[in-house]
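Please treat every number below as a calculation from the coordinates, not as lab data. Model, not experiment: these values are computed from the prediction. Glycine gets a Cβ as well: all are built from the backbone with ideal geometry, and neighbour counts include every protein chain shown.
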Amino acid sequence: MSTKFFTNKSDNSLLKKFEGVFQNLPNIHHFDALVGYFRATGYFKIRPFLDNIPEIRVLVGINVDLLLEKYHSVGQQYLMDPKETKDQFLARLKNDIQDADYSEEIENGVIQFIKDVVDKKIVIKAHPEKNLHAKIYIFKPKNFNSHSAGSVITGSSNLTEPGLGSREKSNYEFNVELRDYDDIKFASEEFESLWNEAIDILPVDIGKLKEETYLNEDFTPFEIYIKLLIEYFGTRIEYDPTNIDLLLPDKYKRLTYQAEAAIEGYEKLMKYNGFFLADVVGLGKTVIASIIAKKFVYENGYHSKILIVYPPALEQNWKTTIKDFHVRQNTYFVSTGSLHKVIDGRNLNYPDPQEYDLIIIDEAHKFRTDTSAMYEKLQTIAKTDRKIPGANGDIRKKVMLLSATPLNNHPSDIENQIYLFQDKRNSNLPSIKDLQGFFQPLKDEYDDLKKERILNVEKLKRIFDKIRDKVIEPLVIRRTRTDILNNDDFRKDIELQGIKFPKINPPNEVKYEFDDNLSLLFDETITLLTSLDEDKNKVDGIGFYRYRAIGFLVNEEDRKRYGNVEDIANRLSAIMKTLLIKRLESSFFAFKKSLRRLHRNTVHMINMFEKDKVYIAPDVDVNKYLNDGNEEALEEKMNEKGGNNVIFQNQDFKEDFLLLLKEDEKMISNLVERWNKVDYDPKLEKFLKDLKPVFLNKKNNLTGKLVIFSESKETIDYLSDSLKDIGVKKIISISADNRKDKHSTIVQNFDANLDRHEWKDDYDIIFTTEVLAEGVNLHRSNVIVNYDVPWNSTRLMQRIGRVNRIGTEAESINVYNFYPSDKSDNQIRLTNTAIKKLQAFHSAFGEDSQIYSQLEEVGEAGLYGSKLKEEVNETLVFLQELRDFKKNSQSHFNKIKSIPKKSRTARDSTKIDSFFDVASSSITYIKSAGHPGVFYKTDENDVVSELTFVNAAKIFKARVEENSFKLPKNHHHQVSKALNHFKTITKNVETKNVTKSQLSAAEKRVVSRLEFFIGIANDDFSKDQLKRALDEIYKGSHRQLPNKLNKFFKQNTENDPQKVIDNLYHDVLKKMNFSGAGHTKEQRKSLFSKPQIVISESYIERT
């Protein structure tokens, strides 16, 4: 059956119909089109049929409703305005060109359209009044009459690619072709009537389209480079520190670098639910965090509640600062060891976890281990839904992590801290959804690297470069003093306020030597303590069996009482071994005392066997009671504690345990005897010898104040007494015992930020343990002496940070490290371990001073190597360059800012200063709706590789006078390759669902149980709570949730399924404070919708 109607089914599109009409209808002179939507790309598709058509007219509708709304909003009546009609049409046409697919064919078509209008081959008008939804296409000969042939097509198809059906996936269209004279005549008359009312779109207007879109060929390499920076940095260019200044109390310095960090930090906080503020020690992280907290209260509402988590040493500082910022009524304070007060619901001083909106965690690196009870408590607080959602309905808490040293050692350090505000398998980071999958291979690689005898710094650096580029870049704000001094605005700002950043000189080695007898004793002591010879072969040594008792229990029930007894015994004995070695490195005095205690405690254990009463009491200090000879009180205390505090008999232990204890006692007793004969101390002698000529020398020590650190309280007491013995006065010793009591004294004598009239000089030398390594200013001194070097490199950084702070008057900071002897260093690989940790930190975050030594790589040759490289935040350098350009060339900046996206240029590859080979390649910058952007290099072999922003910016960087070249033939192909690569990668990320194969064994067990109970739950609330729990397991949001659920199911004795569900809610899920079902299927917002080419550049090889 013949019909005049047609759809775009079976390849019967409007484009095909046009082709048939133009080829088969004779003598077409007029082609008129009336359409609601016109696209230049649509015109390009029919252009091949129009070569021999003399008169072409297109009448286009505009969005009259938009104009009506615009005038109505200001209380005016819309009157036809030719200019507005024309402007709206041109704006839509411009958008059409900008949104078109990136191909040479389409661009040639658009350029042909512009040429046709300029040459008057096509005439365009826009109707100013009517919303034209009709689509009419009229084909007529020159003198159309009732005897001539013509055609009119009408229906749903616009003159666009989807309307024409020229794409694989086009719209469903329904049209009709009419060839009756009366139909064509009626359509023609209606067209003419509308045409006469319409506004002319002049050739000169269309002619400007090329220069006003990305088709403009006049953009220079310099303009493309600046446009790239503008697009990358976005609102960071326009930061307004005056807004932040309003949040600062009057007595605080207005520092631009702090204001900018607060603005950027707030943006990261809201976008990613958390971020790391990791400026180096002494730049004012507490102040920056307080600014952000106050801004959060303003933006989120005065009902907002803030929880600040900190080590006890920082309590006073936080409470003072928050009070100064006038958000005290919104803020609650809790120390790292008291998080249970927030969770248990019984402490009236703290709201329940769901009440908090913002959590600030100071010294966040303390939460780098996800197996600790402290971490579990904090994650529970941080991941509990907010009781009052944010203005956008957001129920997730916001988390700020403050630490100058967020990475201490292992990649898992930073990973675990991220899990305080991101989910393991459902992150909203730009390019990583599955954080667990990202980190696992890097952790495995790092673990393999640790086993190597000689540290491979390059391999280590590659691991942390990946972490830096993918994770740290979006989540971390970190500036070193070098970054600030390299920034003109920041530097001028601090100079105007009289602030100076002292130079940190490379650490000075302080070495002490042994005589032959002492060297031999030292060597044999290390061998006995480590049970290793110099070649790391196992030898007989002290087994520390006093601390391995539970590993020798015979009865399996007794062993189960304490868990994995072998593992616990090994760890406990290793701790004691490490403690002895560290004490030996600290001072002979501290070592002798520790060795005597070990001997005494070992004898106590042997005596217990002789009395057939062996006390195993994890909750009681057994040795303290035995030292006092008060076994009766010990037993009373053990009975009071109960639990695993048990009195065993000899027969409960393996037969060889007592023998091993006695062998230990014999070796320890021999060592005690030999060390008691040592009545001199080369390390102390070296310290006393260098005290005045080196440590207190006025050339190095500006104020005559000196800070001396040791990990051992016994060592600092020993040093303090030794100085007093030779008449040195004005000495103070600080440890955990007196830190709080001496706080005011410390501040008055060593804090340069105290008002000068409050300064005192009662003390010039301060001996301290690690209790003053954080949370206190000691910068009236500029000299640090590390009498012993902590094995934790983070502690070293924190120590130096006590004197390297804003407000110091010193030009330089001097650090003196007493290094462990080569003998002990060979045994415990201390230097190699510390350098490994520091290199990890440097690679990921950058640091502006050498901390441990003047080393970077440690090889078989020992302790001498190259200096640790000073890292500079190059991103900030580019940002400052852009700001300087804007300030100095505002009009040129504004012109470049208006350059349309997709703009491009070509350059001579020999002009590029980069270690990347870019000849015959193209680099494309691509963004999408929620993605900050990615840079892809496509080479001549179509290989697409990702570049960092810094590497891309270095390649794009151009001089003002550099000229551009014509785009090479492979440009469009290479750019399209990059775009398709982005789409492929992002599609994989977005569509990758978490499967059971990604879950741990414990998680799989829980998932099966939850799925069963969801299926039989008989009320919506229970079902919703179970679904939410299942969702959280798949996302990996709560580390302990699978363990808690498994424990519940193991202990469950209830047979009624509904009662099981009820118990599950009250025992586990209720404590999670899950919100209602509305959030059960919370979807990760698409970060990759509408990918867009921002800028591109091709590089030609000139011969």
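For the reader, a short list of remarks on this structure follows.
- Aspartates and glutamates whose Cα lies under 19 Å from that of Lys538, excluding same-chain neighbours fewer than 8 positions away: Glu452, Asp523, Glu524, Glu663, Asp664, Asp825
- Value of D in µm² per second that Stokes-Einstein yields for the chain, Kirkwood Rh from Cα pairs, at 4 °C (1.567 mPa s): 37
- Using the rule -39500 (n - 2.57) for each DSSP H run of four or more residues, divided by the residues of the chain, the 222 nm mean residue ellipticity is -13500 deg cm²/dmol.
- Each of Ile206, Pro128, His29 was scored by the projection of its Cα onto the charge dipole of the range 5-212, and the greatest displacement toward the positive side belongs to His29; charges sit on the C-beta of Lys, Arg, Asp and Glu.
- Across the cross-link table entries Lys268/Lys459; Lys271/Lys294; Lys4/Lys142, which are compared at the Cα atoms, the separations over 23 Å belong to Lys268/Lys459; Lys4/Lys142.
- Inter-probe distance in nm under a simple model that places probes 7 Å from Cα toward Cβ, at Asp741 and Gln651: 5.1
- The convex hull built on the alpha-carbon positions of the range 5-212 has an orientation-averaged projected area of 12.2 nm².
- Cross-link pairs Lys1027/Lys1071; Lys613/Lys654; Lys227/Lys911; Lys83/Lys887 - those with Cα-Cα distance over 26 Å: Lys83/Lys887
- Within straight-line cross-link reach of Lys16, aspartates and glutamates at Cα separation under 16 Å, skipping those fewer than 8 residues along the same chain: Glu161, Glu168, Glu173, Glu177
- Label sites at Asp444 and Glu267, each approximated as a point 7 angstrom past Cα along Cα to Cβ, lie 3.7 nm apart.
- Spin-label model, His133 to Glu663: label points 7 Å out along the Cα-to-beta-carbon direction sit 9.5 nm apart.
- Using C-alpha pairs below 8 Å separated by at least 6 residues, the relative contact order for the chain is 12 percent.
- Database remark: amide H of Tyr332 closer than 5 angstrom to the amide H of Ile306, Leu307, Ile308 (H placed geometrically; neighbours at sequence offset of 5 or more, or on other chains; Pro and chain starts carry no H).
- One chain, two ends: Thr320 and Asn347. Fully extended at 0.36 nm per residue, the span grows by 7.4 nm beyond their Cα-Cα distance.
- The packing ranking, built from the mean of other Cβ atoms within 10 Å per residue, places the peptides 541-550, 387-396, 720-729 in the order 541-550, 387-396, 720-729, highest first.
- Links that overshoot a 29 Å alpha carbon limit, given the list Lys319/Lys377; Lys470/Lys1090; Lys341/Lys560; Lys319/Lys424; Lys593/Lys689; Lys45/Lys94: Lys341/Lys560; Lys319/Lys424
- Per-bin percent of Cα-Cα distances, the range 691-791 [5 Å]: 2, 13, 24, 26, 22, 10, 3, 0
- In plain terms, the chain from His303 to Glu962 could stretch by 231.6 nm, reckoned as 0.36 nm per residue minus the Cα-Cα distance.
- A simple charge model with +1 on the Cβ of Lys and Arg, -1 on the Cβ of Asp and Glu and nothing else charged puts the dipole of the range 5-212 at about 240 debye relative to its Cα centre.
- With both residues required to sit in the chain, DSSP beta bridges show an antiparallel share near 40%.
- Cβ-Cβ distance of Lys1090 and Ser914, R₀ of 35 Å, FRET efficiency by 1/(1 + (r/R0)^6): the value works out to about 0.70.
- Fully extended contour minus Cα-Cα distance, from Lys624 to Arg600, at 0.36 nm per residue: 7.6 nm
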